[in-house]
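Structure, as structure tokens:
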Amino acid sequence: MSHSRSCPGAPTVVNPNYRITVAGDDSNGSEQETLMQKCEGCGNEYDKSFQVVMGGKAHVFDSFECAIHALAPSCEHCGVKIVGHGLEKDGRMFCCDHCAEGEGVSGLRDRV
């Protein structure tokens, strides 16, 4: 994604490390520099990206969609990404009791 545009006042690239300078973005009209980080999921460079630290490793994303796709566990039975508590037994992850039972795991209950 290129940050160079022909529109007046559009950001211009000032550093290949994803920093942009935007004229007139603060209260006194001077230039302001913003860090652009690249999403691990889709590769988008976005000034509103965020970090998720999981297992001591920092990850950068531009949306919860990309974070979920990259980091959320998948149900062992149906493959859906587990967003929420899910169910776990002996290291096996399931989205619901129905899926756990479908894999022969009993004695689990959905959290209510």
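Which one is farthest from ALA100 (Cα to Cα), of the residues in region 46-75 that are among the aliphatic types (A, V, I, L, M) and in a helix (DSSP H, G or I)? Step by step, filter region 46-75, then rank; the result is ALA67.
Among all residue pairs at least 6 apart or on different chains, which show Cβ distances below 6 Å where the first residue, located in region 33-45, is part of a loop (DSSP other than H, G, I, E, B) and the second is of a type in the set (Val, Ile, Thr) and modelled with pLDDT under 95? Pairs that qualify, where the first residue is part of a loop (DSSP other than H, G, I, E, B) and the partner is of a type in the set (Val, Ile, Thr) and modelled with pLDDT under 95, are MET36/ILE20; GLU40/VAL60.
Step by step: first the residues of region 48-76, then only those that are farther than 28 Å from ASP110 by Cα and surrounded by 15 or more Cβ atoms within 10 Å (Cβ to Cβ), then the one that is modelled with the lowest pLDDT. Which residue is that?
Taking region 48-76 as the starting set, the residues that turn out to be farther than 28 Å from ASP110 by Cα are 48-51, 56-62.
Next, only the ones that are surrounded by 15 or more Cβ atoms within 10 Å (Cβ to Cβ) stay: 49, 59-62.
Values: SER49: 89, HIS59: 92, VAL60: 92, PHE61: 93, ASP62: 92.
Checking each candidate, the answer is SER49.
Listed by first and then second residue, the pairs with beta-carbon distance under 9 Å, at least 6 apart or on different chains, first residue in region 85-97 and on the phi > 0 side of the Ramachandran plot, second among the β-branched types (Val, Ile, Thr) and not in a strand (DSSP E or B), are ASP90/VAL105. How about region 77-102: which of its residues are surrounded by 14 or more Cβ atoms within 10 Å (Cβ to Cβ), assigned to a loop (DSSP other than H, G, I, E, B) and more than 22 Å from the chain's Cα centre (by Cα)? Once the filter is applied, which keeps residues that are surrounded by 14 or more Cβ atoms within 10 Å (Cβ to Cβ), assigned to a loop (DSSP other than H, G, I, E, B) and more than 22 Å from the chain's Cα centre (by Cα), region 77-102 yields HIS77, CYS96. Checking every residue in region 54-66 against the condition of being acidic (Asp, Glu) and in contact with a strand residue (DSSP E or B) (Cβ under 7 Å, 6 or more places away or on another chain) gives at least one match.
The values are calculated or read from the model by the stated rules, or taken from the named source; none is laboratory data. Just so you know, these numbers come straight off a predicted model, no measurement behind them. Note that we place each Cβ from the backbone using ideal geometry, even for glycine, and neighbour counts take in every protein chain shown.
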